[in-house]
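**Student:** I have a structure I would like to understand better, so I am pasting it below and will then ask my questions one at a time.
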Amino acid sequence: MAVSTSFAGAKLEALLLKSSSSAATTSSRASNGSCSLSGSLRPVRSRRAVIQRGVRCEVAASDAAVQTGQSVSNISALEQLKTSAADRYTKEKSSIVVIGLSIHTTPVEMREKLAIPEAEWPRAIGELCGLNHIEEAAVLSTCNRMEIYVVALSQHRGVKEVTEWMSKTSGVPVSELCQHRFLLYNKDATQHLFDVSAGLDSLVLGEGQILAQVKQVVKVGQGVVGFGRNISGLFKHAITVGKRVRTETNIAAGAVSVSSAAVELALMKLPASSHASARMLVIGAGKMGKLVIKHLVAKGCTKMVVVNRTEERVTAVREELNGVEIIYKPLTEMLTCAAEADVIFTSTASETPLFFKEDVKDLPVVVQRLAVRVYNVDDLKEVVAANKEDRLRKAMEAQEIITEESKQFEAWRDSLETVPTIKKLRAYAERIRAAELEKCLSKMGDDISKKTRRAVDDLSRGIVNKLLHGPMQHLRCDGSDSRTLSETLENMHALNRMFSLETEISVLEQKIRAKVEQTQK
């Protein structure tokens, strides 16, 4: 449900100034295709024009509006809202919006300033939902992206408020944020999160770490006020999509970086039975060497020797990877270590060769004329290129899955439209039941027993529940069947017309009240 972007600040408060017995008096007139609302809610002489989707409404106050003998109607501000052009917003869904900055659009320096630690996510959700036009929120903050997902009553004002909040919390000016941010709405926002969860938006296509991070958003959000039905449903569905894509396409298979390709190629050349016991030697503990070590560990290697100029980097890697035996050796022992290794990975910044012919001719594998093969970076690039092409093919398959799942999610979200109607229909029936019960009990006198009173109350409830059972069944739909969903929405509109439920804006009123109360605290 979306609220007109003109309902902000003082206007929110004005909407809630209910009239007493004869508080608000209004007069309306139409001319030149415009509607004018004037009232005594606030004696303001200025005139403000609000233009929304081609309908122009003027909100004005005039001292001359109240005159002796003038026909006036004592209606509340919210009743004015019902009959105004803004009524359309009570019949629309709120918008899902993502305001994001990622590695594709934003330099690392800015992403670091915007990053929100996981422990701070609940606080951030609370602050975001405290904004005037934000109902629900979630934060996805990783080293590669900072994305805020919200359910907004108004797209424009919601984006503005969230952007200003991001600027305030990070210290990055709004103008700079606007240069790098991306904005996606509703179906596009859904598609984006599904792409992210499937690994299609990652630098390494299909990488699995992002799925774990999406799962963490749901885990942290459980029980947090503001991580509501729409946002939690979106992220839970994204997890399902990520799992399905990886299972059905196997997109994560195959190395797509030089370091992972080196490990994959080496293990391909070794018997599978010797992977865990093979003696691994890594020369160099820089960025590439560290990645080689991590990929070896991921493949099940738990023991290796690392040769490096200094021990500090090796110690840092050892502390990071618990449960792995990493033995440090200085460069002076490189040849000795090479003689004992089954596989040697070299990744240094040396400008001269590490091994010369005279250095290796006496190595055991050479002396015994065993099969020895040297692979360079060009060999690895071929592996990476082949795997990238394979992943791109799998990404196309993944998009088909994502398109299918996006339709299912949108159908589920459409099915939520009937919830307000269900609540309003029950409230409508309960009001009638309570009124008629009171009449009945008053006619029965004051001397009736509690047992009789309870029996009559139970009878009235039973009748109402049985009468509502049919309509309620035809208003419930999980969104899995588009035909059923279409019929359900038709039933909703029919019930709204039959019982005049469309004129009741209790859900909107509650949202406005909640926002005003927050701003007044």
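**Student:** Residue under question is Arg318, and the condition is that it be under 19 Å from Ile283 (Cβ atoms) and in a loop (DSSP other than H, G, I, E, B); does it hold?
**Tutor:** For Arg318, the condition - under 19 Å from Ile283 (Cβ atoms) and in a loop (DSSP other than H, G, I, E, B) - is not met.
**Student:** Could you please find all residues in region 261-277 being assigned to a helix (DSSP H, G or I), open to solvent by 40 Å² or more (accessible area, probe 1.4 Å) and small (Gly, Ala, Ser)?
**Tutor:** Passing the criteria: Ala272, Ser273.
**Student:** In this structure, is Gly323 exposed (fewer than 14 other Cβ atoms within 10 Å of the Cβ), in contact (Cβ under 8 Å) with a residue 24 or more places away in the chain, farther than 30 Å from Lys187 by Cβ and not assigned by the TED database to the domain that holds Val150? Break it down stepwise before answering.
**Tutor:** Numbers: exposed (fewer than 14 other Cβ atoms within 10 Å of the Cβ): yes; in contact (Cβ under 8 Å) with a residue 24 or more places away in the chain: no; farther than 30 Å from Lys187 by Cβ: yes; not assigned by the TED database to the domain that holds Val150: yes.
So Gly323 does not fit the description; no.
**Student:** Are any of the residues in region 172-182 assigned to a helix (DSSP H, G or I) and among the hydroxyl-bearing types (Ser, Thr, Tyr)?
**Tutor:** yes
**Student:** Shifting gears a bit: What number of residues within region 112-142 satisfy the criterion of being small (Gly, Ala, Ser), free of Cβ contacts under 8 Å to residues at least 60 places away in the same chain and not in a strand (DSSP E or B)? Outline the logic, then answer.
**Tutor:** Our first condition is that a residue be small (Gly, Ala, Ser); within region 112-142, this holds for 115, 119, 124, 126, 130, 137-138, 141.
Subset that is free of Cβ contacts under 8 Å to residues at least 60 places away in the same chain: 115, 119, 124, 141.
Right, trim to not in a strand (DSSP E or B) and you get 115, 119, 124.
Going through region 112-142 one residue at a time, the tally reaches 3.
Table: residues versus (1) surrounded by fewer than 23 Cβ atoms within 10 Å (Cβ to Cβ); (2) under 17 Å from Leu193 (Cα atoms); (3) in contact with a helix residue (DSSP H, G or I) (Cβ under 7 Å, 6 or more places away or on another chain).
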| site | (1), (2), (3) |
| --- | --- |
| Leu140 | no, yes, yes |
| Cys143 | yes, yes, no |
| Tyr149 | no, yes, yes |
| Gln155 | yes, no, no |
| Gly158 | no, no, no |
| Trp165 | yes, no, yes |
| Gly171 | yes, no, yes |
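**Student:** Determine, yes or no, whether Leu211 is more than 23 Å from Pro117 (Cβ to Cβ), open to solvent by less than 40 Å² (accessible area, probe 1.4 Å) and either of a type in the set (Phe, Trp, Tyr) or modelled with pLDDT under 95 (or both).
**Tutor:** Details: more than 23 Å from Pro117 (Cβ to Cβ): no; open to solvent by less than 40 Å² (accessible area, probe 1.4 Å): yes; either of a type in the set (Phe, Trp, Tyr) or modelled with pLDDT under 95 (or both): yes.
It is false that Leu211 is more than 23 Å from Pro117 (Cβ to Cβ), open to solvent by less than 40 Å² (accessible area, probe 1.4 Å) and either of a type in the set (Phe, Trp, Tyr) or modelled with pLDDT under 95 (or both).
**Student:** Separate question: List, please: which pairs have Cβ atoms under 8 Å, are six or more places apart or on different chains, and start with a residue in region 331-349 that is farther than 12 Å from Ala278 by Cβ and end with one that is open to solvent by less than 60 Å² (accessible area, probe 1.4 Å) and of a type in the set (Ser, Thr, Tyr)?
**Tutor:** From residues that are farther than 12 Å from Ala278 by Cβ, the pairs are Ser347/Ser259.
**Student:** Considering only residues that are open to solvent by less than 20 Å² (accessible area, probe 1.4 Å) and either among the charged types (D, E, K, R) or farther than 19 Å from Gly233 by Cβ (or both), which ones fall in region 117-138? Break it down into steps so the answer makes sense when it comes.
**Tutor:** Taking region 117-138 as the starting set, the residues that turn out to be open to solvent by less than 20 Å² (accessible area, probe 1.4 Å) are 121, 124-125, 128-129, 133-134, 137-138.
Within region 117-138, Ala124, His133 qualify.
**Student:** Specify which of the listed residues (Val306, Val292, Val282, Val372) is part of a helix (DSSP H, G or I) and not charged (D, E, K, R). Reasoning before the result, please.
**Tutor:** Working: Val306 fails: part of a helix (DSSP H, G or I); Val282 fails: part of a helix (DSSP H, G or I); Val372 fails: part of a helix (DSSP H, G or I).
Result: Val292 is the single residue among Val306, Val292, Val282, Val372 that is part of a helix (DSSP H, G or I) and not charged (D, E, K, R).
**Student:** If you don't mind, there's one more thing I want to ask. I'm checking my understanding of the structure. Among residues of region 338-359 that are of a type outside the set (A, V, I, L, M, F, W, C) and in a loop (DSSP other than H, G, I, E, B), which one is least open to solvent (accessible area, probe 1.4 Å)? Before the answer, list the steps.
**Tutor:** First, the residues of region 338-359 that are of a type outside the set (A, V, I, L, M, F, W, C): 340, 342, 346-348, 350-353, 357-359.
From what is left, the residues that are in a loop (DSSP other than H, G, I, E, B) are 342, 347-348, 350-353.
On the way: Asp342: 81, Ser347: 29, Thr348: 68, Ser350: 45, Glu351: 184, Thr352: 91, Pro353: 78 Å².
In this case the residue turns out to be Ser347.
**Student:** Within region 369-386, is even one residue within 30 Å of Val245 (Cα to Cα), at pLDDT 90 or above and surrounded by 13 or more Cβ atoms within 10 Å (Cβ to Cβ)?
**Tutor:** Within region 369-386, none of the residues are within 30 Å of Val245 (Cα to Cα), at pLDDT 90 or above and surrounded by 13 or more Cβ atoms within 10 Å (Cβ to Cβ).
**Student:** Right, something else. From the list Val225, Val220, Val204, Val258, pick out the single residue that is modelled with pLDDT of 85 or more, surrounded by 15 or more Cβ atoms within 10 Å (Cβ to Cβ) and not hydroxyl-bearing (Ser, Thr, Tyr). Walk me through it before giving the result.
**Tutor:** Working: Val225 fails: surrounded by 15 or more Cβ atoms within 10 Å (Cβ to Cβ); Val204 fails: modelled with pLDDT of 85 or more; Val258 fails: modelled with pLDDT of 85 or more.
The match here is Val220.
**Student:** Okay, moving on. Is it true that Val245 is crowded, with 21+ Cβ neighbours inside 10 Å, farther than 26 Å from Glu127 by Cβ and within 15 Å of the chain's Cα centre (by Cα)? First the steps, then the outcome.
**Tutor:** Details: crowded, with 21+ Cβ neighbours inside 10 Å: yes; farther than 26 Å from Glu127 by Cβ: yes; within 15 Å of the chain's Cα centre (by Cα): no.
It is false that Val245 is crowded, with 21+ Cβ neighbours inside 10 Å, farther than 26 Å from Glu127 by Cβ and within 15 Å of the chain's Cα centre (by Cα).
**Student:** Within region 101-111, track down each residue that is assigned to a strand (DSSP E or B) and either aliphatic (A, V, I, L, M) or crowded, with 23+ Cβ neighbours inside 10 Å (or both).
**Tutor:** Residue satisfying the conditions is Leu101 alone.
**Student:** Taking only pairs six or more apart or across chains, which ones have beta-carbon atoms under 7 Å, a first residue in region 426-439 that is without any contact (Cβ under 8 Å) to a residue 24 or more places away in the chain, and a second residue that is acidic (Asp, Glu)?
**Tutor:** Here the result reads Leu437/Asp457, each pair linking region 426-439 to a residue that is acidic (Asp, Glu).
**Student:** Just give me the residues in region 231-242 being surrounded by fewer than 18 Cβ atoms within 10 Å (Cβ to Cβ) and not β-branched (Val, Ile, Thr), in sequence order.
**Tutor:** Ser232, Gly233, Lys236
**Student:** Which of (1) crowded, with 16+ Cβ neighbours inside 10 Å; (2) not in a helix (DSSP H, G or I) does Ala253 not meet, given it meets every other one?
**Tutor:** (1)
**Student:** Please go through region 314-332 and pick out each residue that is among the polar types (S, T, N, Q) and within 19 Å of Lys299 (Cα to Cα).
**Tutor:** Here is the first cut: in region 314-332, the ones among the polar types (S, T, N, Q) are 315, 322, 332.
Answer for region 314-332, where residues must be among the polar types (S, T, N, Q) and within 19 Å of Lys299 (Cα to Cα): just Asn322.
**Student:** Asn250 is checked against (1) over 20 Å from Val374 (Cβ atoms); (2) at pLDDT 90 or above and fails just one. What number does that condition carry?
**Tutor:** Single failed check for Asn250: (2).
The values are calculated or read from the model by the stated rules, or taken from the named source; none is laboratory data. The structure presented is a predicted model; accordingly, all values stated were derived computationally and were not measured. Positions of Cβ are backbone-derived with ideal geometry, glycine not excepted, and every protein chain shown enters the neighbour counts. The protein model used for the area step is the full one, side chains on, heavy atoms only, and it has no ligands, DNA or RNA in it. Shrake-Rupley method; radii C 1.70, N 1.55, O 1.52, S 1.80 Å.
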